[in-house]
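The values are calculated or read from the model by the stated rules, or taken from the named source; none is laboratory data. For clarity, every value in this text was computed on a predicted model and none was experimentally measured. Reconstructed Cβ throughout: ideal geometry from the backbone, glycine too, with neighbour counts over all protein chains shown. Heads up: the accessible areas ignore ligands, DNA and RNA and are worked out on the full protein's heavy atoms, side chains in. Shrake-Rupley method; radii C 1.70, N 1.55, O 1.52, S 1.80 Å.
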Amino acid sequence: MIETLIPFLLAVLALLIIPGTDMAFVMANGIAYGRRGALYSALGISAGGPVLAAATALLVAATLAISPSVLLALQIVGCLYLLCVAMRTIFPRPGPTDTYAPAPTSGNLFLRGAITNISNPKALIFFSAFIPQFIPDDVAGPALYAFLLGALLCFIGGVVNFAIGASGMLFSGLN
């Protein structure tokens with residue numbers, strides 16, 4: 001299993017440095033509210049992630065209940081989706097940017113982070129496409145393994161998001 005965990009961790013770190021909705025959210029709140037804004041926003045996003053991890057685990061379990069070869073099809077479709085995301089990242093289309101009205105309380109920042117993550121259809125598709133690539137064929141509980149990978153992704157994402165959000169203080173003059 002360690003032979004799949006190391007590539008998973010490297011891929012997670014590489015993917016987390018690509019700017020996206022979560023990064024914009026924590027950066028904006030880091031700029032507006034300093035470390036507190038970055039921390040509660042990152043915690044909220046990380047709290048929303050296990051919901052997506054659970055959905056992915058259910059998808060893996062349902063897929064395996066149908067047929068193990070369906071999991072291979074899911075992995076292929078997921079791989080193609082991730083290739084599409086990579087191409088859009090490398091060759092972006094110009095368009096409007098998302099803006100947020102800053103939330104004034106820590107609880108509100110946390111809740112907005114969780115809702116931002118859970119309600120992002122790209123995040124669910126990403127979890128469903130990314131995580132199955134790293135489930136070994138011989139693992140005893142593939143759904144549990146998928147959930148644990150998702151939880152690990154959320155933890156690492158929380159640390160990275162907080163660091164990105166806290167760096168927003170450099171642009172605001174807050175300490």
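General remarks:
- Every residue from region 29-54 that is more than 10 Å from Ile164 (Cα to Cα), open to solvent by less than 50 Å² (accessible area, probe 1.4 Å) and either of a type in the set (Lys, Arg) or out of contact with any Cys (no Cβ under 9 Å at 6 or more places or on another chain) (or both): Asn29, Ala32, Gly34, Gly37, Ser41, Gly44, Ala54
- Checklist (1) modelled with pLDDT of 85 or more; (2) surrounded by fewer than 19 Cβ atoms within 10 Å (Cβ to Cβ); (3) not aromatic (Phe, Trp, Tyr) applied to Leu80, failing item: (1)
- Residue satisfying condition, being part of a helix (DSSP H, G or I) and either open to solvent by less than 60 Å² (accessible area, probe 1.4 Å) or at pLDDT below 85 (or both), within set Leu10, Leu71: Leu71
- Just one of the numbered conditions (1) at pLDDT below 85; (2) within 16 Å of the chain's Cα centre (by Cα); (3) open to solvent by less than 40 Å² (accessible area, probe 1.4 Å) is not true of Thr4: (2).
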